[in-house]
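*Asks:* Below: one structure in structure tokens.
Rule-based calculations on the coordinates, nothing more; no lab input. Source: prediction; values computed, not measured. Cβ sites come from the backbone with ideal geometry, for glycine too, and all protein chains shown count toward neighbours.
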Amino acid sequence: MDRDTLKQRAAHAAADMVEAGMLVGLGTGSTASHAIRRLGQRFRDGLRFTGVPTSEASSRLARSFGIPLIESPSDTPIDMTIDGADEIGEADLSLIKGMGGALLREKIVAVTSKWLVIIADETKLAPRLSGRVPIPVEIVAFGWESTRARLAVLGCRTVLKRDAQGEAMRTDGGNLILHCQFDALPDPAAVERTLSMVVGVVETGLFLGLAKTALVASEAGVRRIDR
């Protein structure tokens with residue numbers, strides 16, 4: 001079974017958990033897109049809910065199905081957010097997210113949510129965050145090379161995220177993304193604190209203590225992990 005089919009299975013399982021009247025955070029990325037499409041089908045079949053997109057791409061996809069949207073979270077808690085992840089630590093559902101470049105908006109929506117449901121195929125699951133996946137770090141464009149130098153001092157290898165044309169990719173907020181690769185992550189919380197203190201850093205792709213449920217698809221089915 002190919003990975004895209006597994007992603008779709010996890011996404012559909014999460015989308016089918018949405019109930020009428022909910023305010024639903026709509027994640028970004030290939031797996032989250034499957035969830036939005038499934039929610040679009042349910043909306044057209046009569047389920048009424050409102051979405052909060054985490055990127056312009058997710059907003060466009062949701063609008064193509066007619067899903068009503070609130071483009072920016074308010075002080076009203078989001079009932080449920082469905083999003084993907086680049087790595088999931090099974091022990092505590094700690095996450096690395098943001099390889100798609102939407103980590104800032106994803107984290108704003110996540111912290112506003114009562115229930116963050118992460119969807120993924122089994123290749124994204126590890127016993128704990130391992131360092132095999134680089135941590136996306138959103139930085140301001142002004143002086144970005146000096147920010148990269150300050151991050152490199154922390155012991156990570158940094159790569160600027162580029163678009164299909166080879167240009168520096170800009171986030172929806174106009175910022176840049178550096179992928180910061182550490183050899184290991186024995187203490188993700190300490191790494192998050194250290195990265196966040198670097199001048200020029202806007203947000204990190206470490207999502208710690210936010211996810212409550214993960215739906216992980218394998219050929220055996222969709223496994224639910226709750227924190």
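*Asks:* Can you give the calculated 222 nm mean residue ellipticity of the chain, where each DSSP H run of n ≥ 4 adds -39,500 (n - 2.57) and the sum is split over every residue, rounded to the nearest 500 deg cm²/dmol?
*Replies:* On the way: 6 runs with 64 residues, N = 227.
About -8500 deg cm²/dmol.
*Asks:* Here is the link list: Lys7/Lys114; Lys161/Lys212; Lys7/Lys107; Lys97/Lys161. Which ones come out longer than 19 Å on Cα distance? Mind showing how you got there, number by number?
*Replies:* Numbers: Lys7/Lys114 23 Å; Lys161/Lys212 29 Å; Lys7/Lys107 21 Å; Lys97/Lys161 14 Å.
Pairs exceeding 19 Å: Lys7/Lys114; Lys161/Lys212; Lys7/Lys107.
*Asks:* Which FRET efficiency value, to the nearest 0.05, is calculated for Ala149 and Arg3 with the Förster distance at 45 angstrom and r the Cβ-Cβ distance? If you can, show how the numbers build up before the last one.
*Replies:* Working: r = 36 Å, r/R0 = 0.80.
FRET efficiency, Ala149 to Arg3: 0.80.
*Asks:* Find how many whole Å separate the alpha carbon centroid of region 126-179 from the alpha carbon centroid of region 199-227.
*Replies:* The two parts, judged by their Cα centres, are 20 Å apart.
*Asks:* Taking 0.36 nm per intervening residue step and subtracting the Cα-Cα distance, what contour gain separates Ala168 from Ser130 on full extension? Write out the running numbers ahead of the final one.
*Replies:* Values: separation 38, 0.36 × 38 = 13.68 nm, distance 2.70 nm.
Contour length minus the Cα-Cα distance gives 11.0 nm.
*Asks:* Continuing with this model, one more query. Determine, from the Cβ-Cβ distance of Arg223 and Ser72 and an R0 of 41 Å, the FRET efficiency 1/(1 + (r/R0)^6), rounded to the nearest 0.05.
*Replies:* Numbers: r = 34 Å, r/R0 = 0.82.
Here the calculated transfer efficiency is 0.75.
*Asks:* Could I have the simple spin-label model distance between Asp183 and Ile108, label points 7 Å from Cα toward Cβ, reported in nm to one decimal?
*Replies:* 3.8 nm
*Asks:* Turning to a different aspect of this structure: Assuming R0 = 30 Å, can you tell me the calculated FRET efficiency for the pair Val159 and Asp92, based on Cβ-Cβ distance, to the nearest 0.05?
*Replies:* Numbers: r = 27 Å, r/R0 = 0.91.
E(calc), rounded to 0.05, equals 0.65.
*Asks:* Taking neighbour counts of Cβ atoms within 10 Å as a proxy for exposure, in what order, fewest first, do Glu138, Glu219, Glu56 appear?
*Replies:* Numbers: Glu138 23, Glu219 9, Glu56 14.
Least crowded to most crowded, the residues run Glu219, Glu56, Glu138.
*Asks:* When Ile82, Ile177 are ordered from fewest to most other Cβ atoms inside 10 Å of their Cβ, what list results? Write out the running numbers ahead of the final one.
*Replies:* Working: Ile82 31, Ile177 26.
Going from least to most buried by this count: Ile177, Ile82.
*Asks:* Based on the mean of other beta carbon atoms within 10 Å per residue, what is the order of 66-74, 163-171, most packed first?
*Replies:* On the way: 66-74: 13.4, 163-171: 11.4.
Highest mean packing first, the order is 66-74, 163-171.
*Asks:* If we count every other residue with Cβ under 15 angstrom of Arg48's Cβ, Lys/Arg +1 and Asp/Glu -1, where does the sum land? Before the final figure, lay out each step's value.
*Replies:* Working: positive: Arg42, Arg44; negative: Glu19, Asp45, Asp79.
Net charge in that neighbourhood comes out at -1.
*Asks:* Around Asp121, which amide H atoms from residues at least 5 apart in sequence, or from another chain, sit under 5 Å from its own amide H, with H modelled in the peptide plane?
*Replies:* Excluding prolines and chain starts, which carry no amide H, the hits are Ala217.
*Asks:* So, one more: Let me check I've understood the local charge: for Met80, count other residues with C-beta under 11 angstrom from its C-beta, Lys and Arg +1, Asp and Glu -1. What total comes out? It would help to have the intermediate numbers written out before the result.
*Replies:* Numbers: positive: Lys114, Lys212; negative: Glu19, Asp79, Asp83.
Taking every Cβ under 11 Å from that of Met80, the sum is -1.
*Asks:* Taking amide hydrogens as modeled 1.01 Å from N in the peptide plane, which residues meet the under 5 Å criterion relative to Ile78, leaving out close sequence neighbours?
*Replies:* Under 5 Å from the amide H of Ile78: Ser113, Lys114.
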